[in-house]
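Below is one structure, written out as structure tokens; the observations come after it.
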Amino acid sequence: MSGHSRATVLFVPGLRDHVPGHWQSVLQAQLPAAECVPRLGSNVLSCEAWVSALDRSIAAIEGPIVLVAHSAGVMMVAHWAGRHSRPIRGALLATPPDFDSALPEGYPDPETLRAAGWLPTPRAPLPFPSIVAASRNDPLARVEKVAQLARDWGSRLFDAGEVGHLNPASGFGPWAASFALVGELVGA
């Protein structure tokens with residue numbers, strides 16, 4: 001991922017605390033120009049707080065930016081895009097959750113998510129190129145719902161296969177496809 005089109009890759013994690021070996025952490029360590037939105041802690045559920053943290057991170061970077069979001073981080077990017085207009089070269093949006101439906105035990109319910117500002121889910125086309133990576137067996141979103149989000153956002157859909165929620169709990173540290181997908185966006 002080098003050449004004339006150097007971009008800073010900004011990782012946008014989900015709401016959970018840092019998990020060593022997560023594919024985002026592995027990929028970030030491999031990239032020369034990479035930053036990560038600071039985690040606010042799993043007890044902070046406010047969408048506004050997370051979107052503000054994302055905006056501060058974007059504002060601190062000079063030059064082109066590629067966003068690499070996972071899980072609720074994808075929703076942070078969608079909410080951010082509806083409120084801000086800083087230029088983004090592209091975004092990899094991996095396994096967005098379906099906040100409109102009940103999530104598995106241990107996750108917030110739709111009423112809690114609505115009260116925290118996550119709902120309604122943004123559906124407007126994103127103002128930058130994007131790739132939505134969908135899992136065929138994600139416990140947090142049916143593939144059909146993720147495909148609809150990709151259509152709504154004007155994103156290219158990438159079929160990641162049966163990768164669960166694409167996290168260490170699903171057996172993923174490194175995610176081989178992520179390097180090529182980010183490279184595609186960096187070169188966009």
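The values are calculated or read from the model by the stated rules, or taken from the named source; none is laboratory data. Here the structure is a predicted model, which means the values were calculated and not measured. Reconstructed Cβ throughout: ideal geometry from the backbone, glycine too, with neighbour counts over all protein chains shown. These accessible areas exclude ligands, DNA and RNA; they are computed on the full protein's heavy atoms, side chains included. Shrake-Rupley method; radii C 1.70, N 1.55, O 1.52, S 1.80 Å.
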Practice prompt. Could you check the simple spin-label distance between Ile61 and Gln30, using points 7 Å along Cα→Cβ, in nm with one decimal?
Written response: 1.8
Worksheet entry | Cα extents of segment 66-159 along the three principal axes, largest first (Å) | 36, 29, 19
Worksheet, complete the sentence: With Rh as the Kirkwood radius over Cα pairs, segment 125-188 has Rg/Rh of 0.98
Worksheet item: Using unit Cβ charges (K, R positive; D, E negative) and no other charged atoms, how large, in debye to the nearest 20, is the dipole of the chain about its Cα centre?
Response: 440
Discussion item. Just to check I understand the Karplus step: with θ = phi - 60° and J = 6.51 cos²θ - 1.76 cosθ + 1.60, what whole-Hz values come out for segment 169-185, glycine and proline as x?
Written reply: 5, 9, x, 10, x, x, 10, 3, 5, 4, 4, 5, 5, 5, x, 4, 6
Worksheet item: If ligands, DNA and RNA are left out, what is the accessible area of Ile131 with a 1.4 Å probe, given in Å² to the nearest 10?
Response: 0
Discussion item. Students often check this: by mean Cβ neighbours within 10 Å, which of 62-75, 101-114, 28-41 ranks highest, and how do the rest follow?
Written reply: 62-75, 28-41, 101-114
Worksheet, complete the sentence: Treating only Lys and Arg (+1) and Asp and Glu (-1) as charged, each at its beta carbon, one finds that segment 73-160 has a dipole about its Cα centre, in Debye to the nearest 20, of 500
Worksheet item: For the chain, what is the calculated [θ] at 222 nm in deg cm²/dmol (nearest 500), taking -39500 (n - 2.57) for each run of four or more DSSP H residues and dividing by its residue count?
Response: -9500 deg cm²/dmol
Fill in: Carbon plus sulfur fraction of accessible area for the chain, probe 1.4 Å, in percent
53
Practice prompt. Ignoring everything but the protein chains, give the 1.4 Å probe accessible area of His84 in square angstrom, nearest 10.
Written response: 60
Worksheet item: Any idea of the accessible area per residue across the chain, 1.4 Å probe, to the nearest Å²?
Response: 45
Worksheet item: What is the pair-distance distribution P(r) of the chain, computed from all Cα-Cα distances in 10 Å bins starting at 0, with each bin given as a whole percent?
Response: 10, 41, 40, 9, 0
